[in-house]
Amino acid sequence: MLRYIAKRLLTMIPVLIGISFIIFVLMYFTPGDPAEMLLGDLATPEQVDALREELGLNDGFFQRYFNYMKGLLKGDLGKSYVSKMPVWDEIATRLPVTARVAFLVAIFAVLIGIPIGILSAVRQYSFIDSITRVFALLGITMPSFWLALLLVLLFSVQLGWLPPSGLYGPIYYIMPILSISAVSIATITRTARSSMLEVIRQDYVRTARAKGQYERVVLFRHALLNAMIPILTIIGIQFAGGLGGAVVNEQVFAIPGLGKLMVDAIKARNYPLIQGSVLVLAVLQSVVNLVVDILYAFVDPRIRSQYSRKVGKKAPKLAVAAAAASDEAAATTLEGGDI
Amino acid sequence: MATMTETPTLDMMTDVRRSQLAETWKRLRKNKLALAGLILLLFLVLVAIFADLIAPYPFDKQNYDAVLQKPSWEHLMGTDEYGRDILSRVIHGSRISLRVGFISLTAGALVGCILGAIAGYFGGRTDNLIMRANDILNGIPRIVLAIAIASAFKPGLTSALVAIAVSSVPNFARVVRAATMTVRDQEYVEASRSLGASHARIIVSHIFPNILAPIIVQATLGIGTAILLCASLSFLGLGVQPPIPEWGAMLSSARSFMRDYPYMVIAPGLAIMLTVLALNLFGDGLRDALDPKLKK
Amino acid sequence: MSDDKLLEIKDLSIHYFTEEGIVRAVNNVQLSLRRGETLGLVGETGAGKTTTALGIMGLVPDPPGRVVSGEILFGGRDLLRLNKGQMRRHRGKDISMIFQDPMTSLNPIMTMGDQIAEVIRLHEKLSRADANRKAAQVLEMVGIPAQRMNEYPHQFSGGMKQRVVIAIALACNPQLIIADEPTTALDVTIQAQVLELMSQLQSELHTSMLIITHDLGVVADSCQSVAIMYAGRIVESGRIEDIYEDTKHPYTKGLFSSLPSLSTKVKRLKPILGLMPDPANLPAGCPFHPRCDSCMPICTELDPQDTGLGNGHMVRCHLYGQHDAGEDLA
Ligand SMILES: Nc1ncnc2c1ncn2[C@@H]1O[C@H](COP(=O)(O)OP(=O)(O)O)[C@@H](O)[C@H]1O
Ligand SMILES: [Mg+2]
């Protein structure tokens, strides 16, 4: 297990390098001169040239990429064009907000989605099942920012129960979490339902019943644990969804998170800040993907043994093999809500 | 596809496929929800095509005598801050959304299918390389990726298109790769390989027709996601810009008036939801019809 | 006489109520099994053998399946009248079942040891450690070294998996084991080993057994009585000598003549023509009549009744039962 985690950690390195490269390329080809942006309109061409030289902007592509990576390794994400502060400092105050919202959304969605999905599967074709499926469909098709607006209309404007914006206490989290998690709840419910339906029909579940096992244990230990593999995949994907939802809905609720920072930075063409925000969000997502992969191995001995049996050079190929199981799961689950 | 007549077996294959198509349609017809989705979708497409005829007013006609009006017989969904008829704008918005969904998805699907098929067909190092690249794109939440791409251009229709197209590639590549791997080693593929057909030809004429089902399903659902994504980008001000009547952009400007004129945020949101709902209902039904094993 | 009957099934009917119609999988089945005896239940795929077995276990998938009539007397108690909890306590302890496909019958994410210990802990008051110890013994009993307790199904071959399935079934010394085509999914060489193991363990433990198979060879080797099933009905049953030496039903005769056996007198293989009817759409009269060599006018109209031929030999065919039917009518 430890070896598995270690290997999976190693495979994260190329992914992170790749992500930083893509972001660098995007920003490299973006029009506009960072030096001019930093100095503002009043700067003389000489000042701009001097700053370009200082920032290394006159270097070639590879030299600049190299410098950028060197900075990254030292934790230096550059300076914000607007506040002139280190990008990392600005992000550091915002990241916890977004991360907290995204994790709360994920937890909320899992706690609601999995039990409802199971119930719906166990009582297939019942009234509860039909209701669940209708709501899941609505959840997937409704844009989260629109749901947010509707919630504000209802709970803040009409009823006056909840504050429409800001993030100053627990009560402020209610609407953001509800609106962002709707898609995740719906998708997790659907996946849990279809995955449970699939597993309940398996012979080994019948075997467990034939042993005289309690129905509750049959459902949870035998069926649900096996059904968890595709559910885990979708939880990972939904975390990305929640993170994305947070980025958008921070705008609606005026939440001072990374998403709002990033969107404001885009409007101000504040490239270092954009770059840094995207990178940090991507790292966060990659870590979640890693955790999901480790959880797979925890649940499924077949994935575990793929790692322990073959050692050494073959590691990358094996990672792909392990990912194949999750691919299959993801391929059979809804694309809807996968934003 | 019908021109492939090198060997009798290929003819038989097309026949089999044709009868599969008939079977699929038969099953689809029995699924009421899927049919409802299909009808709703056709309706929305017709609305988009004939928007000029259907819309009671031109979408950009301002009328300062009638700003911010509540829904009435003259303006069924009211008017916005420039006195423009909201219903007309929503009707015209279907053009933008369907077009963005369709174009960006086609582009993304094309690239995704090619990459996925190459990865699945050749396997080994090629597969590894493509799937790693996929992992990298998957490491970035999709809307964040789209925002990052959109931010590199001037905000507008084109930047939204590119951003959505690129961010839809990984999903397609993954689905197509998995499907390709299941048909890659089947007899008819090996038969034509032994007949000396080129790799490209095998992929195009033998692999693709046999993995069309998951591609079509993915595409139907993917258009829905693309439309949602476009609305989100425009809502953030990074996609289609006002005065173009894009639904997300309309919601964005309606927000400022929401407190006093709540009806302004209803129609565009409903329009997004109905469109995505139609695509999802149809896509789900199509999936069940194409793969009856999955049902029940 | 009836005292040593362990299992007696009377008039059992099980139907599946599907969208496409009612599948009459099991119809008015009569079966009985004495303590210590092995009964073979023989029939083509779709004859209703598995459904009958699931009926005994109380595991017919509901929906769509339902027991619509009958009694299943086990040691004199009607299993169909037990509540869920009572039935659950019987399963795995008094009656256990070996399923058709060992490849899919084991939970892929539980160790073999845990899967055996699970049934032991359910029915015997043992600590976890004791249950594990006993699981190890049972594993050794079916010929698998106890060190492999902590391995998972994907590390085992098909034959080894079936041994584990047998171990699970035997772990609590049940009075009755139902083996549903225990070897169909295995290689021929492995089949013999598994059968050998089963009959050896059965004679050691004095368990009664219901073997479901479509292999008359298996029946000849290990059963004392046999019941032939066709389209959800028992068409002929009795002691093995009677069935093999004094075959009555045309279907049974057909089965024997399609058997490439050296011991029977028939030289040429003669398969039964045609297919078994769809149990959702059975023909009128005797369900076998469309394929029967000796079909008579009455066969197309009236479903025959059971006819006793003495010594427990029973046949369900108008060739033998017409007089009874006539007398009943009179
Ligand atoms: N869950 C089910 N739903 C509907 N029909 C079923 C189900 N299980 C079995 N059947 C039908 O019942 C009949 C008997 O099946 P089964 O008992 O499995 O036969 P056997 O074990 O002799 O092959 C078959 O026609 C089969 O299609
Ligand atoms: Mg069977």
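The values are calculated or read from the model by the stated rules, or taken from the named source; none is laboratory data. Bear in mind that the values here come from a model prediction, so they are computed numbers and not experimental data. Cβ placement follows ideal geometry from the backbone for every residue including glycine, while neighbour counts extend to all protein chains displayed. To get the accessible areas, we keep the full protein, side chains included, count just its heavy atoms, and leave off ligands, DNA and RNA. Shrake-Rupley method; radii C 1.70, N 1.55, O 1.52, S 1.80 Å.
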Ranking C:Gly92, C:Met112, C:Asn311 by how far each Cα lies towards the positive end of the charge dipole of chain C (+1 on Lys and Arg Cβ, -1 on Asp and Glu Cβ), the top one is C:Met112
Bridge orientation stat for chain C from DSSP, antiparallel percent rounded to 5, came to 60 percent
Once both label points are put 7 Å beyond Cα along the C-beta direction, the B:Ile103-C:Ile298 separation in nm becomes 8.2 nm
Of the residues B:Asn128, A:Ile17, C:Ser203, the Cα lying farthest along the dipole of the protein assembly as shown towards its positive end, which is defined by charges on the beta carbon of Lys, Arg, Asp and Glu, belongs to A:Ile17
For the A:Asp76, A:Ala6 Cβ pair and Förster radius 25 Å, calculated FRET efficiency rounded to 0.05 is 0.35
Ignoring ligands and nucleic acids, A:Leu295 exposes an accessible area, probe 1.4 Å, in Å² to the nearest 10, of 70 Å²
Counting other chain Cβ atoms within 10 Å of each Cβ in B:126-135 and taking the mean gives 4
When every protein chain stays in place and a 1.4 Å probe is rolled, B:Asp288, C:Asp94 sorted by accessible area with the largest first are B:Asp288, C:Asp94
Low-density loop trypsin sites (Lys or Arg not before Pro), segment A:97-189, at most 14 other Cβ within 10 Å, DSSP non-H/G/I/E/B, are A:Arg123
Contact-by-burial set, segment A:107-146, min loss 40 Å², accessible area of protein heavy atoms with 1.4 Å probe, reference chain alone, gives A:Leu137, A:Thr141, A:Pro143, A:Phe145, A:Trp146
Expressed as a whole number, the average count of other chain Cβ atoms within 10 Å around the Cβ atoms of C:97-104 is 3
For C:Gly232, the net charge from surrounding residues (Cβ-Cβ under 12 Å; K, R +1; D, E -1) works out to +1
For segment B:20-294, the Cα convex hull volume per residue in Å³ comes to 148 Å³
A chain fully extended from C:Gln137 to C:Asn173 at 0.36 nm per residue, minus the present Cα-Cα distance, gains in nm 11.7 nm
Hydrodynamic radius by Kirkwood for chain A, inverse mean 1/r across distinct Cα pairs, in Å, is 22.6 Å
If one compares the long axis through the Cα atoms of helix B:32-49 with the longest principal axis of the Cα atoms of chain B, the angle in degrees, nearest 10, works out at 60 degrees
Cα-Cα pairs in the protein assembly as shown separated by more than 41 Å, as a whole percent of all pairs, come to 51 percent
Per residue, accessible area of chain A with a 1.4 Å probe, heavy atoms of protein chains only, in Å², comes to 44 Å²
Unit-weight point scatterers at every alpha-carbon of segment C:127-257, Debye formula, q = 0.15, 0.16, 0.17 1/Å: log10 I(q)/I(0) is -0.79, -0.86, -0.94
Per GNM of chain B with C-alpha springs under 10 angstrom, the most fluctuating residue out of B:Ile54, B:Ile147, B:Ile103 is B:Ile54
Here FRET efficiency (C-beta to C-beta, A:Gln47 to B:Leu53, R₀ 56 Å, nearest 0.05) is 0.45
For segment B:44-151, inverting the pair-averaged 1/r of distinct alpha-carbon atoms gives a Kirkwood value in Å of 17.4 Å
Here, chymotrypsin sites (Phe, Trp or Tyr not before Pro) of segment A:1-30 satisfying both criteria (DSSP loop; at most 15 other Cβ within 10 Å) are A:Phe29
Those trypsin sites (Lys or Arg not before Pro) from segment C:1-32 that are DSSP loop and have at most 15 other Cβ neighbours within 10 Å turn out to be none
Ordering B:Ile96, A:Ile22 by the accessible surface of their heavy atoms, 1.4 Å probe, largest first, yields A:Ile22, B:Ile96
Rounded to whole Å², per residue accessible area for chain B with a 1.4 Å probe reads 45 Å²
Probe 1.4 Å, protein heavy atoms only: C and A together bury a total accessible area in Å², to the nearest 100, of 2100 Å²
Taking A:104-112, B:82-90 and ranking on average Cβ neighbours within 10 Å, highest first, one gets B:82-90, A:104-112
Note, A:Ala282: beta-carbon cut-off 14 Å, +1 each Lys/Arg, -1 each Asp/Glu, net 0
Rounded to the nearest 5, the percent of antiparallel DSSP beta bridges in the protein assembly as shown equals 65 percent
Treating only Lys and Arg (+1) and Asp and Glu (-1) as charged, each at its beta carbon, one finds that segment A:2-73 has a dipole about its Cα centre, in Debye to the nearest 20, of 980 debye
Projected onto the charge dipole of segment B:20-294 (unit charges on the beta-carbon of Lys, Arg, Asp and Glu, signs +1, +1, -1, -1), the Cα from B:Ala271, B:Gln186, B:Ser104 with the largest positive-side position is that of B:Gln186
Cα extents of chain C along the principal axes, largest first, in whole Å, come to 67, 47, 44
About its Cα centre, segment C:1-80 carries a charge dipole, from +1 on Lys and Arg Cβ atoms and -1 on Asp and Glu Cβ atoms, whose size in debye to the nearest 20 is 140 debye
Excluding ligands, DNA and RNA, the carbon-plus-sulfur percentage of the accessible area of chain A with a 1.4 Å probe reads 67 percent
With +1 on the Cβ of every Lys and Arg and -1 on the Cβ of every Asp and Glu, the dipole magnitude of segment A:88-335 about its Cα centre, in debye rounded to the nearest 20, is 860 debye
